[in-house]
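Visitor: Let me begin by handing over the structure; questions about it come next.
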Amino acid sequence: QVQLVESGGGLVQPVGSLRLSCAASGFIFRIYNMGWYRQAPGKQRDLVARITSGGSTNYADSVEGRFTISRDNAKNTVYLQMNSLKPEDTAVYFCNTVYDRKNYWGQGTQVTVSS
């Protein structure tokens with residue numbers, strides 16, 4: 001079955017950096033688009049970044065130029081490099097894919113940006 005397992009979250013000071021990882025299994029990773037979403041308390045879950053099977057990327061305006069999504073098909077893993085973090089980036093970050101027309105999510109990893 002499809003499994004997505006995020007890691008790499010934590011507490012970081014403003015302007016700091018973190019790298020999130022999402023290990024995928026249960027499907028042919030290299031042919032599927034992958035995404036990172038985030039959800040802050042009391043808010044909806046929003047797209048942060050997406051990467052296609054061919055490596056094309058797109059980002060939310062709020063993270064453009066600060067975050068970078070990438071993938072390693074040999075490791076079945078998608079990454080989110082987050083630089084110049086701001087307090088408003090605080091949220092639970094989720095990995096996502098659409099497989100067989102169904103949305104699959106990981107359990108999420110908490111990112112807290114605070115001094």
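Visitor: For an R0 of 22 angstrom, estimate the FRET efficiency from the Cβ-Cβ distance between residue 52 and residue 11 and round to the nearest 0.05. If you can, show how the numbers build up before the last one.
Guide: Values: r = 32 Å, r/R0 = 1.45.
Efficiency computed from Cβ-Cβ geometry: 0.10.
Visitor: Please identify which residues in the stretch 20-44 have an amide N closer than 16 Å to a label point set 7 Å out from the Cα of residue 3, following the Cα→Cβ vector.
Guide: Counting only backbone N, you get 22-29.
Visitor: Kindly state, to the nearest 0.05, the FRET efficiency for residue 114 paired with residue 39, given R0 = 25 Å and r defined as their beta-carbon distance.
Guide: Efficiency computed from Cβ-Cβ geometry: 0.90.
Visitor: Here is a further query. By per-residue mean of other Cβ atoms within 10 Å, what is the highest-first order of 77-83, 47-53?
Guide: 77-83, 47-53
Visitor: I've got another one for you. For the stretch 56-115, just say rounded, prolate or oblate: build the C-alpha gyration tensor, square-root its eigenvalues into a ≥ b ≥ c, call rounded for a/c under 1.5, and beyond that prolate if a/b exceeds b/c, oblate if not.
Guide: Prolate is the answer for the stretch 56-115, as a/c is 1.5 or above and a/b outweighs b/c.
Visitor: Rounded to the nearest 5, what % of DSSP beta bridges with both residues in the chain are antiparallel?
Guide: 90
The numbers here are math on the coordinates, done by the rules we state, and not lab data. Bear in mind that the values here come from a model prediction, so they are computed numbers and not experimental data. Cβ atoms come from the backbone with ideal geometry, glycine included; neighbour counts cover every protein chain shown.
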